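**Q** Here it is: the structure, laid out below.
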Amino acid sequence: MPPKTAKTKEKEPSPEEIQRKKFLYKCRFRAIGRMVMANTYWMIEAAEQYEGVEDVKRRVAQAVRGKTKKKQLLNITDKALLNKPAVDRTDNEKKYIYRIIGGLKCFKRYPNHVKKKLAAVTYFKYYGPGRVIVRQHQEAHALYFIVTGDVIVSQMIFDELLQQYVSIDIGIMHPGDMFGEVSLLHNIPRTATCTTAGHCELLTLMKEDFKNVLQASVQRQWDDVRLAMSAFSYFDALDEVARREGCIVAKMKSYAVNETILGDGVGVPNFVYFILSGRCQMIESLQVVSTNRLGRVSYQLYDPYVPKEESEQDLDTKYFAGYKNLSGTKSGSKEQRVSMSEPEDAAADVATQTPRAHSSILKQAQKEQSTSKQGSIQMASDVLVSDSKRESVAFEETAGEGGQSVMEAKDELDDKHRSSVASNMLLAPDQPRESVRFSIESRKLPPPNLRTFFMQVCQFNPGSTFGFGENMRDRRIVALTQVDCMLLPKIWLLQRNTANIWSRIEHYLDKKIPNKKKLFKEFVSERRWQEFRDGLVEDVVARSNTVNWTSVHDVPYSIRMEEMIDI
């Protein structure tokens, strides 16, 4: 019996273990409850789209990009199937998932055999607004593809001024983008924090599945970007971390022949283009007014967006037109001074009657009139004198009756005169004021004889760069051959502006590429040469006795196209 009781005592768990198991079960139950609450939103099949978030800026951005499609990319059946464990999925279900994700924007970059493997191991995830998907400096467990919604990318950067770490938004990812591959590919912690801006639907790929399915494909893409960056000497001074960041933000694009790369509203904004292969040209449109005078054609550049050059006469009219009526204002001030002399005489008459009481008041008024140089101060002094005349009568009555002393009455009059001067210096509400009107001139209509010509400004060969902010008005860059480009964000390059290299390149492009006026001079010289050549040929042909039936249509198209390009 004793051994039996010992065995039973060994099987009984300790109170600490019982408490730990209870706590574990409670945590699991809460996790299940949170999962149910989080996935309740997408399980409502009647809702065509999620409600917008309260952030006005994000809602405006969504409205500008366009309305969301009413047709959902994934219905409730597809989402439930994608939540099913990969081990339990049948072959038919994998084929069905392959057909679904094959048309998604985030998987169009991969070949069909990779999509088939992704269909077997991809899971569906939903995150509400303001949820953190991945956090900086944490361990990586999965890769994410955005199906719907936007994700805000931020980083914690140490601010030397505040002496603390602050969160800075570095970009926004849209449907079709992928994030989380950097940490999985290089086996490092998360390099940034990704937070949902609204309701987001994601497809996740776990770490082990990423190594088996996508690591080779992603590694190949990274190798292409690193090889492209090594072709330019600008990136030789970057360390390994900066090169890794460049591979994250870089984009590789290819352009067909005669396709517009940049300009006319086409191109990726705020990105710098690095040409890896192929040739492209910059074309500018010139608006020229041609007039025929006495058999000779004259040309004039028409550019309504460039202000006219100001001459000395224009500057005199613009900045010194306000002094035209200077003599008239001087004469007007003299008339005011003449009219002001009358109340002075009246005040003098009053002063003779009461010399003791008003001698100080008149001296003060005369002093203010002598020191004032403007008409407004003179008018105020006249008001002071006229008021002193009225107050003198009241002063005589009070002084005669013996109600107040002379000094008290004098101080009271001085206070009243100061207040009257201050009030009369300001414009009264009923007094008319000069009105100022701003008129907007209507844009002039272009002249009827306006023609548009296209000229080749320059050519870009492999190793060239553009898109640093140079002048692109009335210009576009078109591919002459098949062109492959690497695109890097301009803000990322400016943050790593070693030896001010990018600013120097921008300055070089602005100085090297001819402006519109230089192109117009070349256009006029080419036109003059063409007119001289045509006239010389006509003169030679006219002197010969043979009949020449050759016309422009007999010239091959290639020669005519080359001549047009040269012009």
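The values are calculated or read from the model by the stated rules, or taken from the named source; none is laboratory data. Here the structure is a predicted model, which means the values were calculated and not measured. Using ideal geometry, Cβ is built from the backbone for each residue, glycine included, and neighbour counts are taken over all protein chains shown.
Quick grid of which residues meet (1) outside any strand (DSSP E or B); (2) of a type in the set (Asp, Glu); (3) within 20 Å of SER230 (Cβ to Cβ); (4) in the same structural domain as PRO269 (by TED's automatic domain parsing):
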position: MET472; (1), (2), (3), (4): yes, no, no, yes
position: VAL478; (1), (2), (3), (4): no, no, no, yes
position: LEU488; (1), (2), (3), (4): no, no, yes, yes
position: ASN500; (1), (2), (3), (4): yes, no, no, yes
position: LEU509; (1), (2), (3), (4): yes, no, no, yes
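**Q** Being among the basic types (Lys, Arg) and either outside the structural domain of TYR144 (by TED's automatic domain parsing) or assigned to a helix (DSSP H, G or I) (or both) is the filter here, so list the residues in the stretch 84-107 that pass it.
**A** Across the stretch 84-107, the qualifying residues are LYS94, LYS95, ARG99, LYS105.
**Q** Could you list, in sequence order, the residues of the stretch 474-519 that are polar (S, T, N, Q) and within 21 Å of TYR255 (Cα to Cα)?
**A** Across the stretch 474-519, the qualifying residues are THR481, GLN482.
**Q** So the check is Cβ under 7 Å with 6+ separation or different chains; which pairs have a first residue in the stretch 68-80 that's modelled with pLDDT of 60 or more and in a loop (DSSP other than H, G, I, E, B) and a second one that's surrounded by 13 or more Cβ atoms within 10 Å (Cβ to Cβ) and acidic (Asp, Glu)?
**A** Going by the 7 Å Cβ cut-off, the qualifying pairs are LEU74/GLU201.
**Q** Here are the criteria: (1) closer than 30 Å to ARG528 by Cβ; (2) under 31 Å from the mean Cα position of the chain (by Cα); (3) hydrophobic (A, V, I, L, M, F, W, C). Tell me which single one VAL288 does not satisfy.
**A** The single condition VAL288 does not satisfy is (2).
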